[in-house]
1. Filter region 143-178 down to the residues that are open to solvent by 10 Å² or more (accessible area, probe 1.4 Å), free of Cβ contacts under 8 Å to residues at least 60 places away in the same chain and assigned to a helix (DSSP H, G or I) and list them by number.
2. Give region 111-128 a look and list any residue that's open to solvent by less than 60 Å² (accessible area, probe 1.4 Å) and either of a type in the set (Phe, Trp, Tyr) or in contact with a Ser or Thr (Cβ under 6 Å, 6 or more places away or on another chain) (or both), or say none.
3. Starting from region 130-141, keep only residues that are closer than 17 Å to ALA194 by Cα and in a helix (DSSP H, G or I), then list their pairs with residues that are open to solvent by 30 Å² or more (accessible area, probe 1.4 Å) and at pLDDT below 95 whose Cβ atoms are within a distance under 8 Å, requiring at least 6 positions of separation or different chains.
4. PRO105 - would you say it is open to solvent by 40 Å² or more (accessible area, probe 1.4 Å), of a type outside the set (Lys, Arg), modelled with pLDDT of 95 or more and over 22 Å from THR177 (Cα atoms)?
5. For PRO105, all conditions in the list (1) assigned to a loop (DSSP other than H, G, I, E, B); (2) in contact (Cβ under 8 Å) with a residue 24 or more places away in the chain hold save one; what is the number of the exception?
6. Out of curiosity, is ARG114 in a helix (DSSP H, G or I) and either in contact (Cβ under 8 Å) with a residue 12 or more places away in the chain or more than 21 Å from GLY42 (Cα to Cα) (or both)?
Amino acid sequence: MASARALAAEFIGSLILFATVVGSGVMAERLAGGNVAVALIGNTAATGAVLYVLITLLGPISGAHFNPAVTLTLGARRLWLPFVAMQLAGGVIGVVAAHAMFDMPLIETSTHIRTGAGQWIGEFVATFGLLFTIVIGSRQRPEAVPALVALWIVAGYWFTSSTSFANPAITLARALTDSFAGIRLIDVPGFIIAQFAGGWIGAQFANWLVPAAHAR
C-alpha cells in the first residue's frame with residue numbers, strides 16, 4: 001500500500017505541474033501577441049522551473065512521478081492504481097485552477113489538432129528520453145535528477161514535433177483546455193500509446209546500458 005503522504009505528494013505535485021503547464025500557456029499566449037515562438041518560450045521556462053522544484057521537494061516522499069508512464073515503467077506496478085488516480089485527480093483540478101485564475105470556463109473542450117505519425121514519433125521520442133534520463137540519472141547522478149528531468153523536458157518542448165507532453169495523465173487533462181496547451185480528445189489515444197511505448201523502451205535500453213548492479 002502506498003502511504004498517505006506519498007499519495008498526497010503525487011496529488012499536489014500533479015496539480016501544481018498541470019496548473020503550471022496550462023496557466024503559463026494561457027499567460028504566454030496572451031502576452032505574446034500572436035507570436036507562437038515567444039509563447040512557447042514562456043510555456044517552456046515555467047514548466048522546466050516547476051519540474052525542478054517539484055522533483056526536488058517531493059521526490060523523497062513519493063518519487064515525484066506525476067506521470068503514469070513513470071509509475072508503471074519503474075517498478076511501482078503494485079501501487080499503480082492509487083498513484084495514477086492521484087495523478088489524474090490532481091491534474092484535472094490543476095487545469096480547473098488554471099482556468100479559474102484566468103477567468104476562463106472551468107472545463108473546456110480542446111479544438112487543438114495534434115495528430116499524425118510525426119506527432120506520435122515526437123511523443124515516443126520525448127517519453128523514451130524521459131525514462132532514459134530518469135533511470136540512468138538515478139543510478140549515475142541521483143542528486144542531479146531534478147535538473148536532468150527538467151532540462152530534458154525543456155529541450156523536448158523545442159526539438160520534438162509534439163512539444164513533449166511525455167505524460168499520459170497530462171495529455172488527458174490537456175484535452176480539458178482549449179488554451180495554448182490543449183489537445184483534442186480524439187487525438188489523446190495516439191499520444192498515450194506512443195508515450196507508453198517510448199517510456200517502456202527507453203527504460204529497457206537504460207537498464208541494459210547501466211544495469212542496477214553497476215550503478216555508482
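The values are calculated or read from the model by the stated rules, or taken from the named source; none is laboratory data. Because the structure is predicted, anything quoted here is derived from the model rather than measured. In this analysis, Cβ positions are derived from the backbone assuming ideal geometry, glycine residues included, and neighbour counts consider all displayed protein chains. Each accessible area value is taken on the protein alone, full model and side chains, heavy atoms only, with ligands, DNA and RNA left out. Shrake-Rupley method; radii C 1.70, N 1.55, O 1.52, S 1.80 Å.
1. Hits for region 143-178 are GLU143, ALA144, LEU148, TRP152, ALA155, PHE159.
2. Residues satisfying the conditions are GLY118, GLN119, GLY122, GLU123, VAL125, ALA126, PHE128.
3. Listed pairs, sorted by first residue: LEU131/LEU74.
4. Against the criterion (open to solvent by 40 Å² or more (accessible area, probe 1.4 Å), of a type outside the set (Lys, Arg), modelled with pLDDT of 95 or more and over 22 Å from THR177 (Cα atoms)), PRO105 does not qualify.
5. So PRO105 meets the others, but not (2).
6. So ARG114 fails the test.
Residue by residue, here is whether (1) within 15 Å of HIS65 (Cα to Cα); (2) among the hydroxyl-bearing types (Ser, Thr, Tyr) holds:
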site: LEU130; (1), (2): yes, no
site: SER138; (1), (2): yes, yes
site: PRO146; (1), (2): yes, no
site: VAL149; (1), (2): yes, no
site: GLY156; (1), (2): no, no
site: THR163; (1), (2): no, yes
site: ALA166; (1), (2): yes, no
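So that you can scan it fast, the table gives a plain yes or no per residue for (1) closer than 24 Å to HIS112 by Cβ; (2) touching a Pro at 6+ places or on another chain (Cβ under 7 Å); (3) open to solvent by less than 30 Å² (accessible area, probe 1.4 Å); (4) at pLDDT 95 or above:
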| site | (1), (2), (3), (4) |
| --- | --- |
| THR56 | no, yes, no, yes |
| PRO60 | no, no, no, yes |
| LEU79 | no, no, yes, no |
| GLN87 | yes, yes, yes, yes |
| GLY90 | yes, no, yes, yes |
